[in-house]
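Accompanying notes for the structure given below.
The values are calculated or read from the model by the stated rules, or taken from the named source; none is laboratory data. In this text, all values refer to a predicted model and were calculated from it rather than measured experimentally. As a convention, Cβ positions derive from the backbone with ideal geometry for all residues, glycine included, and neighbour counts pool all protein chains shown. In case anyone asks, the SASA skips ligands and DNA or RNA and just uses the protein heavy atoms, side chains included. Shrake-Rupley method; radii C 1.70, N 1.55, O 1.52, S 1.80 Å.
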Amino acid sequence: MVRTMNCDLILALDVETAGEARSVLRGVGDAVGMVKIGLQLFTRHGPDLVKEIGESGHKVFLDLKLHDIPNTVAKAVESLASLPVSMLTLHASGGSEMMRAAETARVSLAPGLLLLGVTVLTSMDEPALRATGVGQSPPEQVRRLARLAKESGLRGLVCSPMEAAALRRDLGGDMTLVTPGVRPAGGDTHEQKRVATPASAARAGANWIVVGRPILQATDPRAAALAIRRELAAANGSNP
Ligand code: C5P
């Protein structure tokens, strides 16, 4: 039986420019628990925008999916340590030594940062995985990499809501699980194929859900975010 975790909302800030990002954040205000900055915004505006958003009071999840030799990834964590970032992603397929090196850098320079392992990208199906030399099915590979991430000292993972319950059972309550692919009931699923509602993701064991377009494209983004948070609060068994 999977225990319902306390689960909150991350807004995926998937916009093109700093101006758009500022305008979205002015609109949602404190209606989101964290903001995810991905490669699109980071490669355009870099650390300056991360700093600005973090210093404006938002918690920042920097989704850079690092994957390189251990020394380079550790140095990247060191370089990011001065930024106001709460969570950072790296690929678990980079291996145990890479994850341990990142974790060592984090402990000494950014103790408040949580490193999240990315297992198998949902864009990879079984044939695509096989073409890279991985013979396991995607769910098997997800569980294998998740265990490796935990053994290597990571305390968080990004996963699909469909995988969250199994990972929670495998890894126990201490692992932070972050799940994209979440849609409010009855909403547009966009191209996301296997979606869960905020409440079902929370019940499956997610600590954070990542939602982008249902908030960014809403007529009233703040109201959309607040509605999702109300649903999470109900699933968490607390008052909104
Ligand atoms: O707009 P939407 O809610 O689909 O955005 C979800 C966010 O989560 C995007 O930033 C997307 O890149 C990310 N993501 C995902 N599925 C994954 C991993 C990340 O949708 N498997």
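Numerical summary
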| item | result |
| --- | --- |
| Most positive-pole-ward Cα, A227, G29, V134, against dipole of the chain from beta carbon charges | A227 |
| Under Karplus coefficients 6.51, -1.76 and 1.60, residue-wise ³J(HN,Hα) of the range 207-221 in Hz, glycine/proline x | 9, 9, 10, 9, 10, x, 4, x, 9, 4, 9, 6, 4, 10, x |
| Environment charge of G94, counting only residues whose C-beta is closer than 13 Å and scoring Lys/Arg +1, Asp/Glu -1 | -1 |
| Under the Debye formula (equal points on every Cα, no solvent term), log10 I(q)/I(0) of the chain at q = 0.08 Å⁻¹ | -0.28 |
| The range 128-139 - phi-based ³J(HN,Hα) in whole Hz, Karplus 6.51/-1.76/1.60, Gly and Pro as x | 5, 5, 4, 5, 8, x, 9, x, 7, 6, x, x |
| Under-5 Å amide H pairs with G156, H placed in peptide plane, nonlocal only | G117, T176 |
| Ranking by accessible area, most exposed first, for R155, R213 with a 1.4 Å probe | R155, R213 |
| Highest to lowest packing among 180-188, 111-119, scored as the average C-beta count within 10 Å | 111-119, 180-188 |
| Net dipole in debye of the chain [+1 Lys, Arg Cβ; -1 Asp, Glu Cβ; about Cα centre; nearest 20] | 480 debye |
| H45 - accessible surface, heavy atoms, 1.4 Å probe, Å² rounded to 10 | 60 Å² |
| In Å², nearest 10: area of M175 left accessible to a 1.4 Å probe | 10 Å² |
| Separation of alpha-carbon centers, the range 166-240 and the range 79-117, rounded to whole Å | 24 Å |
| Accessible surface ranking that places the most exposed of S160, S93 first, with a 1.4 angstrom probe | S93, S160 |
| Area of R147 that stays accessible when all protein chains are in place (1.4 Å probe, Å², to 10) | 110 Å² |
| Accessible surface, per residue, of the chain when the full set of protein chains is kept, probe 1.4 Å, Å² | 47 Å² |
| Cα-based equivalent ellipsoid, the range 36-171: semi-axes from gyration tensor eigenvalues, Å | 26, 16, 14 |
| Amide H contacts of L64 (H built 1.01 Å from N, under 5 Å, at least 5 apart or other chain) | T89 |
| Relative contact order %, the range 10-171, counting alpha carbon pairs below 8 Å whose residues are six or more apart | 17 percent |
